[in-house]
Structure formats: C-alpha cells, structure tokens
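The numbers here are math on the coordinates, done by the rules we state, and not lab data. Only a predicted model underlies this, so the values are computations on that prediction, with no experimental measurement involved. Cβ placement follows ideal geometry from the backbone for every residue including glycine, while neighbour counts extend to all protein chains displayed.
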Amino acid sequence: MKRIAILASGNGSNAVRILQHFYTSESVKVVGVFSNKMNARVLEKFIDRDHAAYFFESNEELLEQLQAEEADYVVLAGYLKLIPLEVLSVYKNAIINIHPALLPKYGGAGMYGVNVHKAVKASGESETGVTIHLVNEVYDGGRVLFQAATAITENDSAKDIARKVQALEHEHYPLIIEKLINDEF
C-alpha cells in the first residue's frame with residue numbers, strides 16, 4: 001500500500017477531496033495532513049474525520065513527521081512555502097503540486113489563490129485553468145504532468161474565476177495523484 005501525506009496551509013478543500021477519493025482505496029492510504037500554520041482550517045477538517053493532523057514549525061520537524069508516517073508521496077494542497085532541499089532529496093519525483101493557472105503563466109513566489117485570479121482577470125485572459133506538476137527547488141518549476149483549461153469572460157470576477165478553477169482542481173487532482181502513484185507518467 002502506498003502512503004500519501006498532504007501538506008496544506010489553509011482551508012483544505014482539495015485536501016478533503018483527496019481524502020474522499022482515496023478513502024476506500026485498497027492501494028493508497030492518506031496518512032494525514034501536515035501544516036505549517038497552527039490555525040489552518042484544514043487541520044480541523046482532518047481531525048473531524050478521525051485522521052491525523054500535524055502542525056510543524058521547522059523543516060526538520062516536517063521531515064521527521066513524514067518519515068514517521070512512512071509517507072511514500074507528498075501532495076501539496078494549498079501549501080504556500082517552498083519545499084526545502086532536505087525534503088526534496090528524500091522525496092525526489094514524489095512530491096506533487098497543483099497550481100491555479102496554466103503555467104508558466106502566473107507562477108512563482110506570491111502567485112497563489114486570489115492573487116493568481118486577480119492577475120488573470122487584470123490581463124484580460126480568455127481562459128485559465130490548473131496545472132499539476134512535480135515539485136522541485138523552484139516555485140512552480142517542476143515537470144508539468146497535466147493541465148486543464150476553462151473559458152473565462154470579461155464579466156467574470158476573480159471570485160468567478162476561482163470557482164471555475166476550483167471545480168477543475170477537485171475534478172482532476174485526485175486522479176492525477178493516482179496516476180503518479182501508479183507510475184503512469
């Protein structure tokens with residue numbers, strides 16, 4: 001059985017969707033959610049579902065917790081910090097992230113959540129979407145595994161764009177995680 005750990009910093013809708021997807025799986029187990037923010041709502045959501053929820057304060061503590069849970073893969077679901085080299089070296093090609101835009105556009109430090117959607121809106125784009133990629137030492141710089149697009153109109157607000165993108169995230173992210181675990185890339 002493959003074991004996945006979810007790193008998240010915020011609300012956790014993607015983390016919950018991933019948990020739901022793998023809940024009855026006989027080949028994949030979600031070992032818990034890990035957050036660098038003590039008050040992240042995602043921690044409450046996992047505790048409410050009788051799953052492990054971990055708060056960590058340092059890179060060393062994160063790595064120790066991941067290894068204690070014997071995680072095979074690390075899934076970023078709204079985790080906003082750059083993954084440290086010591087974690088990258090242990091989980092080479094086994095850390096996956098989802099970005100709320102079609103990379104390479106609107107990526108990099110500071111480009112997350114509503115910041116991305118506001119930038120997309122301000123630029124007058126006719127489409128946006130999600131990018132699911134492996135994680136390396138550069139924000140949003142890892143190998144792209146999958147992209148999905150959605151049309152946007154000039155009447156769409158940043159909130160409207162966020163809703164469209166989140167629907168794509170929930171639809172595709174668990175499936176692409178499963179493909180990665182099954183060596184389909």
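Our helix-only sum for the chain, with -39,500 (n - 2.57) per DSSP H run of n ≥ 4 divided by its residues, gives a mean residue ellipticity at 222 nm of -11500 deg cm²/dmol. For the chain, modelled as a GNM whose springs connect Cα atoms under 10 angstrom apart, the maximal fluctuation among ALA40, ALA77, ALA68 occurs at ALA68. Close amide H contacts of LEU102 (hydrogens built in the peptide plane, cut-off under 5 Å, sequence separation of 5 or more or a different chain): GLY129. Using only Cα atoms, locate the centre of the stretch 138-175 and the centre of the stretch 41-70, then give the distance between them in Å, rounded to an integer. That distance is 26 Å. Here the contact order of the stretch 97-185, divided by its residue count and restricted to Cα pairs under 8 Å and six or more residues apart, works out to 31 percent. Sparsely packed loop sites in the stretch 145-185 (the GluC sites (Glu not before Pro) outside DSSP H, G, I, E and B with at most 13 other Cβ atoms within 10 Å) comprise GLU154, GLU184. What the phi angles of the stretch 102-110 give under the Karplus curve with 6.51, -1.76 and 1.60, with θ = phi - 60°, is a coupling list of 8, 4, x, 5, 6, x, x, 4, x Hz, glycine and proline written as x.
Counting other Cβ atoms within 10 Å as a rough exposure proxy, the listed residues ILE6, ILE152 run ILE152, ILE6 from fewest neighbours to most. Computed over the alpha carbons of the stretch 89-185, Rg followed by Dmax gives 13.6, 45 Å.
Put simply, the amide H of GLY32, placed in the peptide plane, has neighbours under 5 Å in ILE6, leaving out anything fewer than 5 places away on its chain. Let me know the shape class of the stretch 1-71, please: from the alpha-carbon gyration tensor, a ≥ b ≥ c as square roots of the eigenvalues, rounded when a/c is under 1.5, otherwise prolate if a/b is greater than b/c, or oblate. Verdict is oblate for the stretch 1-71.
The mean sequence distance of close C-alpha pairs (under 8 Å, at least 6 residues apart), as a share of the length of the stretch 28-185, puts its relative contact order at 17 percent.
For the stretch 1-92, what is the charge dipole size about the Cα centre, in debye to the nearest 20, if Lys and Arg each add +1 at the Cβ and Asp and Glu each add -1 at the Cβ? Could the numbers behind the result be given before it?
Working: 10 positive and 12 negative charges, 89 e Å.
Using only the charged Cβ atoms, the result is roughly 420 debye.
Between the stretch 92-137 and the stretch 2-28, how many Å separate their Cα centres? That distance is 20 Å. The lysine pair tally for the stretch 1-92, using Cα distances under 24 Å and a gap of 8 or more places or different chains, is 10.
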